[in-house]
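Beneath this line is the structure, given in structure tokens, with notes to follow.
The values are calculated or read from the model by the stated rules, or taken from the named source; none is laboratory data. Every value quoted in this text rests on a predicted model; they were computed, and no experiment measured them. Note: ideal-geometry Cβ built from the backbone for every residue, glycine included; neighbour counts use all protein chains shown. To get the accessible areas, we keep the full protein, side chains included, count just its heavy atoms, and leave off ligands, DNA and RNA. Shrake-Rupley method; radii C 1.70, N 1.55, O 1.52, S 1.80 Å.
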Protein chains: 2
Amino acid sequence: MTSEKQIRTIGWIGTGVMGASMAAHLLDAGYSLRLYTRTRARAEPLLERGATWAESPAEAADGTDATIAIVGYPSDVRETFLGDRGVLRAGRPPELAIDMTTSEPSLAVEIAAALKPRGIGSIDAPVSGGDIGARNAALSIMVGGAAGDVERAMPILRTLGTTIRHQGGPGAGQHTKMVNQILIATTMIGVCEGLIYAQRARLDPLKVIESVSTGAAGSWSISNLGPRMVARDFEPGFYVEHFIKDLGIALEEAGRMGLDLPGLQLGYSLYEAVREAGHDRKGTQALLLALEELTLAERS
Amino acid sequence: MTSEKQIRTIGWIGTGVMGASMAAHLLDAGYSLRLYTRTRARAEPLLERGATWAESPAEAADGTDATIAIVGYPSDVRETFLGDRGVLRAGRPPELAIDMTTSEPSLAVEIAAALKPRGIGSIDAPVSGGDIGARNAALSIMVGGAAGDVERAMPILRTLGTTIRHQGGPGAGQHTKMVNQILIATTMIGVCEGLIYAQRARLDPLKVIESVSTGAAGSWSISNLGPRMVARDFEPGFYVEHFIKDLGIALEEAGRMGLDLPGLQLGYSLYEAVREAGHDRKGTQALLLALEELTLAERS
């Protein structure tokens with residue numbers, strides 16, 4: 001890979017909570033950024049720090065060494081890479097396209113196949129670690145793609161995360177992220193039910209968290225989101241609506257592979273109840289609200 | 001509490017995987033142990049190290065400063081403390097009785113009430129951390145009881161664990177342990193489903209564990225039991241049959257409090273399937289076997 005030229009200019013698409021922090025780290029590391037995002041106002045802080053503005057994904061990608069997207073839904077990913085004004089249509093295509101959105105494994109495969117004839121290497125690299133991980137450049141990055149492309153992307157990825165694993169060919173990063181979301185969904189059910197039980201048993205929930213978080217019941221969720229639930233703080237670290245999107249993809253992929261996963265199914269239906277109760281723009285810890293309502297419904 | 005005499009002699013009842021390690025720590029710390037367990041052979045290593053043998057819980061408790069039990073089922077706990085040859089019938093009753101079995105909160109309340117008229121203080125102090133935690137004296141101990149009794153027990157508890165929290169009156173330790181088991185049950189569902197998904201998606205499950213265990217999906221279960229499942233190692237750290245006992249208590253208590261907990265219910269029914277498949281003497285990670293069979297059933 002030493003014959004490849006070093007990546008210096010990056011097209012960056014998407015400046016949500018995660019994307020804005022991540023793009024800032026690349027600026028700090030000395031990369032030139034060409035930026036596109038749907039709502040220009042959200043790009044301003046990065047433009048003030050030296051990023052240049054582009055009017056479309058194609059223009060953001062034009063003439064860059066690598067182009068990275070972290071957007072919302074699979075439909076946005078499709079538009080960003082394969083749409084009329086997408087990365088594929090860049091006048092001078094980038095050598096490398098990286099999708100860090102959590103999206104469909106099959107779409108990652110499709111994008112890799114579509115970009116290859118234009119000489120664009122493609123990797124899927126969704127992340128875990130939330131707003132805090134993005135801010136601290138401490139993300140876990142799950143990578144799918146051809147080995148050469150992954151190797152070329154490594155300096156960029158190391159600027160954004162601490163745990164970076166190449167999981168296999170195109171789509172393998174997305175599949176790994178699905179495993180990640182399955183784990184979170186089921187763990188969150190237990191965290192909510194445990195706290196509801198604790199409250200009903202008239203225990204002090206924060207003291208209970210101290211007892212249970214250090215042993216075999218310990219998890220990131222109980223340690224980090226448990227106290228927020230106790231404080232009735234449902235501000236988003238990670239939006240319910242995005243989590244439902246992820247769980248929907250996981251369910252669809254599991255079904256496609258002939259898998260019936262009852263825990264994932266339960267998690268999905270409970271988060272649907274959270275959305276139906278109007279909490280889709282709250283954080284994933286708002287699952288507590290749905291489970292509390294379920295309990296009340298049972299009692300009335 | 002400085003007027004209370006220091007605890008020097010301890011009655012110890014139960015030398016299972018956990019109990020044997022814990023009793024050994026007390027011997028190491030210089031306590032005199034008077035030992036009873038159902039199968040005398042299992043007590044031999046401790047007797048060789050200086051513990052003395054008793055023919056019943058009553059005899060083990062007789063003339064000791066404190067008597068501790070860690071046995072199997074709530075029926076064993078009842079027999080140990082309230083039975084014809086139980087702690088309550090000791091000729092010279094101990095000042096303090098400590099139940100470290102995971103058992104029913106309501107039974108802890110009943111025992112405390114029954115022992116009090118004989119001048120025996122009583123606390124419930126179930127533990128989390130498994131065989132490894134017991135061996136390393138690194139248990140989390142969840143304590144219920146009157147403040148004075150808990151304070152008297154602290155030097156003993158500190159010999160056995162690192163996280164010791166007084167959660168409330170009699171039964172509060174058991175309630176906290178129920179929260180602990182609810183967390184484990186739901187987390188384990190996700191660990192199994194995640195690994196099944198990973199395998200079906202043709203990922204390397206150990207590499208997936210590396211990616212998912214450090215971020216928001218992280219848990220003790222995925223880090224410690226995930227690799228054992230991948231290695232098809234179902235040796236017990238904690239027995240399926242004991243875990244089902246615990247989840248049954250949790251379900252009953254939740255029902256009594258008017259709570260419907262779907263994650264706990266799912267965990268219980270899946271672990272029932274593990275038992276029905278004949279894996280009750282395997283470790284809790286054998287949940288994977290039940291979920292794999294469920295998947296196969298769906299496909300056939």
Worksheet entry | Other protein chain Cβ atoms within 10 Å, averaged over every residue that makes up B:163-175 | 4
Worksheet, complete the sentence: What helix-only [θ] at 222 nm does chain B give? Using -39500 (n - 2.57) per DSSP H run of at least 4, over all residues, to the nearest 500, the answer is -15500 deg cm²/dmol
Item to complete: Rounded, prolate or oblate: pick one for segment A:27-70, where a ≥ b ≥ c are the square roots of the eigenvalues of its C-alpha gyration tensor, a/c under 1.5 means rounded, and failing that, prolate if a/b is larger than b/c, else oblate.
Response: oblate
Discussion item. Leaving out ligands and nucleic acids, and using a 1.4 Å probe, what accessible area per residue does segment A:11-89 come to in Å²?
Written reply: 42
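Over segment A:175-299, what relative contact order in percent results from Cα pairs under 8 Å that are six or more residues apart? Write down the numbers at each step before the final one.
On the way: 122 pairs, mean separation 42.3, N = 125.
Dividing the mean separation by the residue count of segment A:175-299 yields 34 percent.
How many percent of the accessible area of segment B:9-169 is carbon or sulfur, using a 1.4 Å probe? Write down the numbers at each step before the final one.
Details: 2950 of 6010 Å².
So the carbon and sulfur contribution to the accessible surface is 49 percent.
Given contacts defined as C-alpha pairs under 8 Å and at least six residues apart, what's the relative contact order of segment B:9-169, whole-number percent?
Relative CO of segment B:9-169 lands at 19 percent.
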Response to the item:
For segment B:175-299, the accessible surface attributable to carbon and sulfur atoms (probe 1.4 angstrom, ligands and nucleic acids excluded) amounts in percent to 48
Discussion item. How would segment B:1-150 be classified by its alpha-carbon gyration tensor: rounded, prolate or oblate, with rounded meaning a/c under 1.5 and the a/b versus b/c comparison settling the rest?
Written reply: rounded
Worksheet item: What number, in percent, do you get for the relative contact order of chain A if the mean sequence gap of Cα pairs under 8 Å and at least 6 apart is divided by its residue count?
Response: 13
Discussion item. Is there a quick way to get the dipole size of the protein assembly as shown? I mean about its Cα centre, with the Cβ of Lys and Arg at +1 and of Asp and Glu at -1; what is the value in debye to the nearest 20?
Written reply: 940
Fill in: D_trans [Stokes-Einstein, Kirkwood Rh over alpha-carbon pairs] for the protein assembly as shown, 4 °C, 1.567 mPa s, µm² s⁻¹
50
Discussion item. Tell me which trypsin sites (Lys or Arg not before Pro) from segment A:179-223 have a DSSP coil assignment and no more than 16 other beta carbons within 10 Å of their own.
Written reply: A:202
Practice prompt. Enumerate by residue number the trypsin sites (Lys or Arg not before Pro) in segment B:235-300 meeting two conditions: DSSP loop (anything except H, G, I, E, B), and at most 16 other Cβ atoms within 10 Å of the site's Cβ.
Written response: B:281
Discussion item. Need one number: convex hull volume per residue for segment A:175-299, Cα atoms only, in Å³.
Written reply: 109
Worksheet, complete the sentence: With a Förster distance of 41 angstrom and the Cβ-Cβ distance between residue A:42 and residue B:162, calculated FRET efficiency to the nearest 0.05 equals 0.35
Worksheet item: Using the Cβ atoms and a cut-off under 10 Å, what net charge is assigned to the surroundings of residue A:67, where Lys and Arg are +1 and Asp and Glu are -1?
Response: -3
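Rounded to two decimals, what is the ratio between the C-alpha radius of gyration of segment B:28-99 and 2.2 N^0.38 Å?
1.04
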Worksheet item: Share of antiparallel DSSP beta bridges in the protein assembly as shown, in percent to the nearest 5?
Response: 15
Worksheet item: Computed over the Cα atoms of chain A, what is the ratio Rg over Rh, Rh following Kirkwood?
Response: 1.01
Worksheet item: Within chain A, what is the longest stretch that has no GluC sites (Glu not before Pro) placed in a DSSP loop and near at most 14 other beta-carbon atoms within 10 Å?
Response: A:56-300
Practice prompt. Quote the charge dipole size of segment B:188-300 about the Cα centre in Debye, to the nearest 20; the model charges only the Cβ of Lys and Arg (+1) and of Asp and Glu (-1).
Written response: 320
Worksheet item: Could you state the number of Å between the C-alpha centres of segment B:203-229 and segment B:139-178?
Response: 31
Discussion item. Restricting to bridges with both residues inside segment A:9-169, how much of the DSSP beta-bridge set is antiparallel, in percent to the nearest 5?
Written reply: 10
Discussion item. Taking residue A:146 in one copy and the same position in all the others, each labelled 7 Å out along Cα→Cβ, what are the pairwise distances from the first, in nm, shortest first?
Written reply: 7.7
